1. Run the simple label-point estimate for residue 68 and residue 50 please: 7 Å along Cα→C-beta, distance reported in nm.
2. On a full-extension model of 0.36 nm per residue, what is the gain between residue 91 and residue 7, subtracting their alpha-carbon distance, rounded to one decimal in nm?
3. Would you mind estimating how fast the range 4-115 diffuses translationally, via Stokes-Einstein at 4 °C and 1.567 mPa s with the Kirkwood radius over Cα pairs, in µm²/s?
4. Could you give the dipole magnitude of the range 4-115 about its Cα centre, charging the beta-carbon of Lys and Arg +1 and that of Asp and Glu -1, in debye to the nearest 20?
5. Which sequence of 103, 114, 66 reflects their accessible areas, 1.4 Å probe, from the largest down?
Amino acid sequence: MLELQTLHNFFPNLKHLDLTFNNLQGTSFGSYYLNNLEQLLLDYSTVDDNFLQSIGALVSLRILSMQQLNASQLTQGWPHLKSLKRLVLIRSTTLNYKMWQTMGNLISLEDLSMYDCQLSGPIPTAQGTINLP
């Protein structure tokens with residue numbers, strides 16, 4: 001388990017954190033220790049199923065990369081990441097209907113990469129908080 005307080009003690013102004021290829025089960029990102037973090041790379045890492053809710057406290061997060069993220073199923077839906085501009089979900093097979101419903105919470109999103117996600121079924125156009133033209 002990664003101790004985020006230790007990172008904060010050594011790097012209190014950390015803006016970019018690359019945790020690619022790590023086992024992050026048991027790690028909570030919902031802490032004030034990373035309040036300056038703007039970019040979080042979690043490609044090919046393993047996370048808990050409640051991971052999405054724990055990153056909701058990262059108020060400065062602008063870029064989130066979860067390429068081929070390893071989680072059995074991210075069931076919580078997207079938190080209100082109001083600053084998030086870029087989301088990379090390449091080869092992520094953990095996407096589900098709940099995540100689509102709450103994608104409307106990502107109000108600043110400008111770039112969404114979902115290459116090879118094996119999507120199936122319709123994308124909701126007026127379900128939950130999402131409302132696509």
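The values are calculated or read from the model by the stated rules, or taken from the named source; none is laboratory data. Computed from a predicted model, the values in this text were never measured in an experiment. FYI the Cβ positions are ideal-geometry reconstructions off the backbone, even for glycines, and counts take in every protein chain you see. All accessible areas refer to the heavy atoms of the entire protein, side chains included, with ligands and DNA or RNA removed. Shrake-Rupley method; radii C 1.70, N 1.55, O 1.52, S 1.80 Å.
1. Result: 2.9 nm between the two label points.
2. In short, 27.3 nm is gained.
3. Working: Rh = 13.9 Å.
Calculated translational D: 93 µm²/s.
4. Details: 7 positive and 7 negative charges, 40 e Å.
For the range 4-115, the charge dipole is close to 200 debye.
5. Numbers: 103 25, 114 45, 66 0 Å².
Final ranking, largest accessible area leading: 114, 103, 66.
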